[in-house]
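Participant: For reference, the structure I am asking about is given below.
The values are calculated or read from the model by the stated rules, or taken from the named source; none is laboratory data. Computed from a predicted model, the values in this text were never measured in an experiment. In this analysis, Cβ positions are derived from the backbone assuming ideal geometry, glycine residues included, and neighbour counts consider all displayed protein chains. The protein model used for the area step is the full one, side chains on, heavy atoms only, and it has no ligands, DNA or RNA in it. Shrake-Rupley method; radii C 1.70, N 1.55, O 1.52, S 1.80 Å.
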Amino acid sequence: MSRLVEIQAGQATGESLRDVAAATGLPREQLHARAPELCEGKEQQQPASKPGPRRYRNCSGAQPLPSHRRALELLARLGYAARGVVNLVVGLLAFLAALGQGGGNSGNKGALLSLLSHRFGGVLLGIVAVGLFGFALWRACQSVLDADRRGTAPKALCARAGQLISAFTYASLGLFAATLAAGGAAARGATDDASEAQDWSRWIMSHSFGEVVIGLAGAVVAGVGIGLLVRGWRASFTKHLDCPENAAQWVVPLGRVGFMARGVVFLIIGLFVMLAALHSNPQEVVGLSGALRVLQGQPFGQFLFGVVALGLAAFGMFEFAEARYRRIDAPG
């Protein structure tokens, strides 16, 4: 500061001028004119640049995403939205059935088939099919390329194996939706979500130790159900979200209710798969619609059925939020 005072008073030496010029980055000829504002700490700042358009970035936010990674991110987000459509329709149809107001209990494929009855249903099914294929691709990246950076610990490998199974499941559902959108008549009669699982169970049970394999598979599915219940209770899914506080106030409750409803469904499916192995009867294997029918047959079953149906609809709405707010680090 004393150097600046010397300049302002016209008493600065060459050494003073050199020191201040080096410190401020200003040419010497401008120091006399700007010494007063430098002394008072009023150095003018450059005007803030206007915010530019949104750029797709990776999780670190360091560089814009290359085009192929941006395309994968967009496909993944469309996939979350497509999964939201399926779960929302399943939940709403089941809830209407619980109220005795029509609706139905037909699982994922039945929900897709119901879209055809609406105007532009074929177009919507085509979009959903693309989204489901995109979600299957994203699930494969999560599993094979470890897009979520889970690592290689035993627990992480189990989660990644589940994501790979999910990839095949949603690819199959996407193919079903695409076939419906293209007018495939055969797909219209193949909406029973348990029949394929029963066929596989029958084939596996026809081999040595088949019942053991089916029993273990049922235990895994039941374990997934328990994991979903815990995930919903603890809201641990929020670690993958990046949403503002005002959005989190409704996104997190939807996610908690949705994950817990799915946990109940998976737990019931797993228990019935284990019973099918115990009784050597593949016909006891149930899918989503069968699990909901099991709830209906319990004491206060209609109430439980309605609650779980609303939970599935809530999960569908949560998936729309996840399509917007989920952190997606598309691998290169």
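Participant: How do the pairs read when you match residues in the stretch 243-258 that are in contact (Cβ under 8 Å) with a residue 24 or more places away in the chain with residues anywhere that are part of a helix (DSSP H, G or I) and hydroxyl-bearing (S, T, Y), using Cβ under 9 Å and keeping only pairs 6 or more apart or on different chains?
Facilitator: Cβ pairs passing all conditions: C243/Y325; A247/Y325; V251/T238; V251/Y325; G255/T238.
Participant: Checking the condition small (G, A, S) and more than 26 Å from L292 (Cβ to Cβ), which residue from A161, A217 passes?
Facilitator: Details: A217 fails: more than 26 Å from L292 (Cβ to Cβ).
Going through A161, A217 in turn, just one is small (G, A, S) and more than 26 Å from L292 (Cβ to Cβ): A161.
Participant: Looking at the stretch 230-253, which of the residues that are assigned to a helix (DSSP H, G or I), open to solvent by less than 50 Å² (accessible area, probe 1.4 Å) and aliphatic (A, V, I, L, M) is nearest to E319 (Cα to Cα)?
Facilitator: V251
Participant: Further question: Scan the stretch 120-131 and tell me whether some residue there is in contact (Cβ under 8 Å) with a residue 40 or more places away in the chain, assigned to a loop (DSSP other than H, G, I, E, B) and of a type outside the set (S, T, N, Q).
Facilitator: no
Participant: Sticking with this one: Does the stretch 256-269 contain at least one residue that is among the charged types (D, E, K, R) and farther than 22 Å from A323 by Cβ? Step through it out loud before you land on a result.
Facilitator: Residues of the stretch 256-269 that are among the charged types (D, E, K, R), as a first pass: 256, 262.
From the residues that got through so far, the ones that are farther than 22 Å from A323 by Cβ too are none.
No - not one qualifying residue is present in the stretch 256-269.
Participant: Something else: Of the numbered conditions (1) open to solvent by 60 Å² or more (accessible area, probe 1.4 Å); (2) under 28 Å from R160 (Cα atoms); (3) at pLDDT below 80, V213 fails exactly one; give the number of that condition.
Facilitator: V213 satisfies all of (1) open to solvent by 60 Å² or more (accessible area, probe 1.4 Å); (2) under 28 Å from R160 (Cα atoms); (3) at pLDDT below 80 except (3).
Participant: Can you tell me which residues in the stretch 80-100 are more than 17 Å from V308 (Cβ to Cβ) and either assigned to a loop (DSSP other than H, G, I, E, B) or open to solvent by less than 20 Å² (accessible area, probe 1.4 Å) (or both)?
Facilitator: The answer is Y80, A82, R83, G84.
Participant: Looking at A81, A147, which one is at negative phi, modelled with pLDDT under 90, touching a Phe, Trp or Tyr at 6+ places or on another chain (Cβ under 8 Å) and among the small types (G, A, S)?
Facilitator: The unique qualifying residue is A147.
Residue by residue, here is whether (1) assigned to a helix (DSSP H, G or I); (2) touching a Phe, Trp or Tyr at 6+ places or on another chain (Cβ under 8 Å); (3) of a type in the set (S, T, N, Q); (4) open to solvent by less than 30 Å² (accessible area, probe 1.4 Å) holds:
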{"site": "F259", "(1), (2), (3), (4)": "yes, yes, no, yes"}
{"site": "R262", "(1), (2), (3), (4)": "yes, yes, no, no"}
{"site": "I268", "(1), (2), (3), (4)": "yes, no, no, yes"}
{"site": "F272", "(1), (2), (3), (4)": "yes, no, no, no"}
{"site": "A276", "(1), (2), (3), (4)": "yes, no, no, yes"}
{"site": "V286", "(1), (2), (3), (4)": "no, yes, no, yes"}
{"site": "L292", "(1), (2), (3), (4)": "yes, yes, no, yes"}
{"site": "V307", "(1), (2), (3), (4)": "yes, no, no, no"}
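Participant: While we're looking at this one, here's another question. With the requirement that a residue be assigned to a loop (DSSP other than H, G, I, E, B) and either open to solvent by 70 Å² or more (accessible area, probe 1.4 Å) or of a type in the set (A, V, I, L, M) (or both), what does the stretch 294-304 give you? Break it down into steps so the answer makes sense when it comes.
Facilitator: The first filter runs over the stretch 294-304 and keeps only residues assigned to a loop (DSSP other than H, G, I, E, B), leaving 297-300.
Q298, P299, F300, listed by residue number.
Participant: Follow-up question, since we're still on this one. Return a yes/no flag: does the stretch 235-243 have any residue that is acidic (D, E), in contact with a Phe, Trp or Tyr (Cβ under 7 Å, 6 or more places away or on another chain) and either modelled with pLDDT of 95 or more or closer than 27 Å to D199 by Cβ (or both). Break it down stepwise before answering.
Facilitator: Of the residues in the stretch 235-243, the ones acidic (D, E) are 242.
Still in the running and in contact with a Phe, Trp or Tyr (Cβ under 7 Å, 6 or more places away or on another chain): 242.
Narrowing further to those that are either modelled with pLDDT of 95 or more or closer than 27 Å to D199 by Cβ (or both): none.
Within the stretch 235-243, not a single residue is acidic (D, E), in contact with a Phe, Trp or Tyr (Cβ under 7 Å, 6 or more places away or on another chain) and either modelled with pLDDT of 95 or more or closer than 27 Å to D199 by Cβ (or both).
Participant: Scan the stretch 36-59 and tell me whether some residue there is at pLDDT 70 or above and open to solvent by less than 80 Å² (accessible area, probe 1.4 Å). Please lay out each step first, then the result.
Facilitator: Taking the stretch 36-59 and keeping what is at pLDDT 70 or above, we get none.
No.
Participant: Let me ask another. Which numbered condition trips up F168, out of (1) under 22 Å from A82 (Cα atoms); (2) free of Cβ contacts under 8 Å to residues at least 60 places away in the same chain; (3) touching a Leu at 6+ places or on another chain (Cβ under 9 Å)?
Facilitator: It is condition (3) that F168 fails.
Participant: K155 fails exactly one of the following numbered conditions: (1) under 21 Å from I226 (Cβ atoms); (2) part of a loop (DSSP other than H, G, I, E, B); (3) of a type outside the set (G, A, S). What is the number of that condition?
Facilitator: (2)
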